Amino acid sequence: MNSIRRFSFILKASVFATGLSGIVAEYVLSTLATYLLGNAVFQWTITMSLMLFAMGLGSRISKNFRWHLLDLFIAVEFLLSILCASASVLAYGLAAHTENIGLVIYALAMAIGLLIGFEIPLVTRINQDYEELRTNIANVMEKDYYGALVGGLLFAFVALPYLGLTYTPIALGAINFAVASIFLWSFRHLLYRSRIAIGAFFAVTAFLIGLMLAAKPIILYGEQSRYKDKIVYEEQTVYQKLIITQWRNHYWLYINGQEQFSTYDEERYHEPLVHPAMQLATSHQRILVLGGGDGLAVRELLKYKDTGTITLVDLDPAMPRLARTHPVLLAANGNSMADPRVNVVHEDAGTYLRNSSELFDVIIIDLPDPDSVDLMHLYSLDFYQMLRHHLSADGVVVTQAGSPYFATLAFLCIDRTMRAAGLATLAYHNQVPTMGEWGWILAMRAGTHGTTGMRERLQHVRIEGIPTRYLTGEALQAMFTFGKGVFDHPKAGDVEVNTRHKPVLYRYYKEARWDVY
């Protein structure tokens, strides 16, 4: 009787472990798809949907197997061990040789889902000799769901930030391998083909050891193939993948594969981002920076002698930490993040505005491009309405708004959404060699201020007293002039306001002509 209880207990403990590894496998593949292909919402939806569909297929297929169920269960766990452990290596390794990496990831999701769907009915049928039906099904499903909860927590707070996408899959493979090994060595006498199972054990052991040694070089090779220049720093955080590359004496920062800045010409982006707003504002005592964790916008703000407190809101703690400690960023931002006037808050920009009651004289928005649905709330009507309520009477807000040339409709949508929120706007642009034609939008409270008044005030601006590297008074004036045909898009007159419930900006951004650059 004790051996029966022991077998049933180990079986249910194994279901907990496989439930944990199964959900983490889904998260790993979804994260891989997001990083390699972009568009988080789409990739998570497709990857997890395919995986769940495959689980259904696996469950259906399992009914055709009647005998030697324990042998089958061990075989499935060994196969899951191999597939889960090698997911990242396969994805990164093949990404260097194919443009259709999405098909590879989706195929992996299907294969892993098929095996996960296969194993649950197997466990239920193996356990039917030890518990009655209602208890058996309840216990098996309960342990599987509990394992999924623990797996989700481990992925978010431990696996991704500390093991990254290199070793998290190997840890998953080790869990499935451990489950198979326990059953193999504890209940070998119950197996029909014990010699084959033992041979598989040693083969998978060798595979996992070899994979552990080879994983990092393979993934670095695949990572490097995505960038033209040498990678000198990489970090997977809870929120994003940070990469720094080097070409000669210049460096590029990428977040999730998208360029954020290059030391070659970043002043052509950050100086136009900051100085028109600072010149237009009548007070610099309370400044808010949303995004900008690299410290480069803060560097420009600190060039004004009357700059008061700067509150920088960045969701990911890793970016400001990197700005304070990494030699490349320290050299670029002039150690601006160490200034006692800078207060860093790690929070979503929308959540911060919603919970804060403070008014600001200048608000600098240096957020990522609106290239995924999960960023739409930071470019929505209610977000800009909240911004308006946080502006002082003569307060100025400026946002990066993408490219008026490559993404004309997206640029116009941001401008129209800000105006719908009760802001008077003034668009401007500049050529950034490594990024192309880029644009920003200045705004103040409508009613008190108007676009014409903002333009007239900026015509008298002289910034010769500010130690800029690129910007001059004449260059600043030229930025507010757009040439013929820039906004002559056939759909320009039909651009809608971007809202949370109807995120049209995402569609406009995806329709952009980025392939021209």
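The values are calculated or read from the model by the stated rules, or taken from the named source; none is laboratory data. Quick caveat: nothing in here was measured; it's all calculated off a predicted structure. Every residue, glycine among them, receives a Cβ derived from its backbone with ideal geometry; neighbour counts consider all protein chains shown. Just so you know, the surface numbers come from the protein's heavy atoms only, side chains and all, with ligands and any DNA or RNA stripped out. Shrake-Rupley method; radii C 1.70, N 1.55, O 1.52, S 1.80 Å.
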- Query: Could you list, in sequence order, the residues of segment 297-332 that are over 18 Å from the mean Cα position of the chain (by Cα) and either closer than 21 Å to LEU375 by Cα or β-branched (Val, Ile, Thr) (or both)?
  - Reply: ALA297, VAL298, THR307, THR309, ILE310, THR311, LEU312, THR325, VAL328
- The listed residue being crowded, with 24+ Cβ neighbours inside 10 Å and closer than 27 Å to GLY295 by Cβ, out of VAL432, VAL398: VAL398
- Item | Tabulated pairs, segment 253-264, first under 14 Å from ASP366 (Cα atoms), second modelled with pLDDT under 90 and in a strand (DSSP E or B), C-beta under 8 angstrom, 6+ apart or interchain | ILE255/LYS241
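Rundown of residues vs (1) out of contact with any Ser or Thr (no Cβ under 9 Å at 6 or more places or on another chain); (2) surrounded by fewer than 19 Cβ atoms within 10 Å (Cβ to Cβ); (3) without any contact (Cβ under 8 Å) to a residue 60 or more places away in the chain; (4) of a type in the set (Phe, Trp, Tyr), yes/no style:
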position: LEU11; (1), (2), (3), (4): yes, no, no, no
position: SER14; (1), (2), (3), (4): yes, no, no, no
position: ALA25; (1), (2), (3), (4): yes, no, no, no
position: ALA33; (1), (2), (3), (4): no, no, no, no
position: ASN39; (1), (2), (3), (4): no, yes, no, no
- Task: Select from segment 364-390 the residues that are surrounded by 24 or more Cβ atoms within 10 Å (Cβ to Cβ) and outside any helix (DSSP H, G or I) and list them in ascending order.
- Result: ILE364, ILE365, ASP366, PRO370
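Matching residues to (1) touching a residue at least 40 places away in the same chain (Cβ under 8 Å); (2) β-branched (Val, Ile, Thr); (3) open to solvent by less than 50 Å² (accessible area, probe 1.4 Å):
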residue: LEU94; (1), (2), (3): yes, no, no
residue: ILE116; (1), (2), (3): yes, yes, yes
residue: GLN128; (1), (2), (3): no, no, no
residue: ASN136; (1), (2), (3): no, no, yes
- Query: Is it the case that segment 201-216 has a residue that's open to solvent by 80 Å² or more (accessible area, probe 1.4 Å), over 28 Å from the mean Cα position of the chain (by Cα), farther than 20 Å from ILE126 by Cβ and of a type in the set (A, V, I, L, M)?
  - Reply: yes
- Query: Counting only residues that are of a type in the set (D, E, K, R) and free of Cβ contacts under 8 Å to residues at least 40 places away in the same chain, which one in segment 227-251 is most open to solvent (accessible area, probe 1.4 Å)?
  - Reply: LYS228
- Query: Given the residues TYR192, TYR146, TYR221, which is the only one that is touching a His at 6+ places or on another chain (Cβ under 7 Å) and either touching a residue at least 60 places away in the same chain (Cβ under 8 Å) or assigned to a helix (DSSP H, G or I) (or both)?
  - Reply: TYR192
- Query: Do any residues in segment 487-512 that are closer than 20 Å to VAL373 by Cβ have Cβ atoms under 7 Å from those of residues that are of a type in the set (Phe, Trp, Tyr) and in a loop (DSSP other than H, G, I, E, B), where the two are at least six apart or on different chains, and which pairs are they?
  - Reply: ALA512/PHE406
- Query: Identify, please: which residue in segment 455-471 is under 15 Å from LEU280 (Cα atoms) and either at pLDDT 90 or above or assigned to a helix (DSSP H, G or I) (or both) and is, among those, least open to solvent (accessible area, probe 1.4 Å)?
  - Reply: LEU458
- Query: When you go through (1) buried (at least 20 other Cβ atoms within 10 Å of the Cβ); (2) free of Cβ contacts under 8 Å to residues at least 12 places away in the same chain one by one for LEU103, which number turns out not to apply?
  - Reply: (1)
- Across segment 41-56, which residue is farthest from the chain's Cα centre (by Cα) among those that are open to solvent by less than 50 Å² (accessible area, probe 1.4 Å) and polar (S, T, N, Q)? THR47
- For LEU191, which of the numbered conditions (1) at pLDDT below 85; (2) over 30 Å from LEU36 (Cα atoms) fails to hold? (1)
